[in-house]
Amino acid sequence: MTLARFPSTPGVLAALFAIVASTVAGTCCAAPVPGQSQPARSILAQNSVQEKAPPAAAPEPAGAPVAALAWTFGMPPPPKGEGWTAERGTLTQGNGEARLQPDANRRVVLLSPPGLPEGAGHAEEFIVGVSGTGLQRVRIQGRRDARGGWLTLADASDAALRETVDGYVIKRNPGARGAPIERLRIELTFRTTNPRVLTRIAAR
């Protein structure tokens, strides 16, 4: 077979390169035709490994706190020993809500389930969501183990109770940070003995 020979002059070579470049550009970069499906293309770096792209994270609801620990109420009560209980007053869960009934001294004292995770010891503030008005004081205590005494982590009353859309926010005392917390105790004092609905408890 005889190969045709072309003169290797600079002008001829330049023309050939121009024709090839024009053809490649037209093939790779042509605008899509409306109504005509285009093949999917992926460009990988040389010697790279193709990995599945991670799914996009769902946006957080507006105003939702980033909580280390959070409990919501209103569902059927958890098994005995795994949920919040009332030391004073009553806590009744069911029918889509959790109802607090203060005692004769207008107080409700709530105990968390034992064995809290590490986040409880590092929380900077606590959130208690209760319906209505008339909350006078919130005192939050914690203990390091089942045999230890209760340490006051936060205590706020009247104007120091900051009300937000998520509930009342109580700042932790500066000198009560970092200690491991096995269980929480929350004391609520109201102006009246009227029942309240408990919606949320959180520590963040």
Fill in: Qualifying residues in the stretch 108-163 (those that are in contact (Cβ under 8 Å) with a residue 40 or more places away in the chain, part of a strand (DSSP E or B) and of a type outside the set (A, V, I, L, M, F, W, C)) - the one surrounded by the fewest Cβ atoms within 10 Å (Cβ to Cβ)
GLN136
Worksheet item: Does GLU187 satisfy the condition of being in contact with a strand residue (DSSP E or B) (Cβ under 9 Å, 6 or more places away or on another chain), modelled with pLDDT of 90 or more, surrounded by 14 or more Cβ atoms within 10 Å (Cβ to Cβ) and not β-branched (Val, Ile, Thr)?
Response: yes
Worksheet item: Considering only residues of the stretch 168-204 that are outside any strand (DSSP E or B) and hydrophobic (A, V, I, L, M, F, W, C), which is nearest to ASN95 (Cα to Cα)?
Response: ILE181
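Matching residues to (1) within 28 Å of ALA179 (Cα to Cα); (2) modelled with pLDDT of 85 or more; (3) not aromatic (Phe, Trp, Tyr):
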{"site": "ILE43", "(1), (2), (3)": "no, no, yes"}
{"site": "ALA53", "(1), (2), (3)": "no, no, yes"}
{"site": "ALA70", "(1), (2), (3)": "yes, yes, yes"}
{"site": "GLY83", "(1), (2), (3)": "yes, yes, yes"}
{"site": "ASP103", "(1), (2), (3)": "no, yes, yes"}
{"site": "GLY115", "(1), (2), (3)": "yes, yes, yes"}
{"site": "ALA120", "(1), (2), (3)": "yes, no, yes"}
{"site": "PHE126", "(1), (2), (3)": "yes, yes, no"}
{"site": "GLY149", "(1), (2), (3)": "yes, yes, yes"}
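The values are calculated or read from the model by the stated rules, or taken from the named source; none is laboratory data. Remember, predicted model here, so these are calculated numbers, not experimental data. Neighbour counts are summed over all protein chains in view; Cβ atoms, including those assigned to glycine, are modelled from backbone coordinates with ideal geometry.
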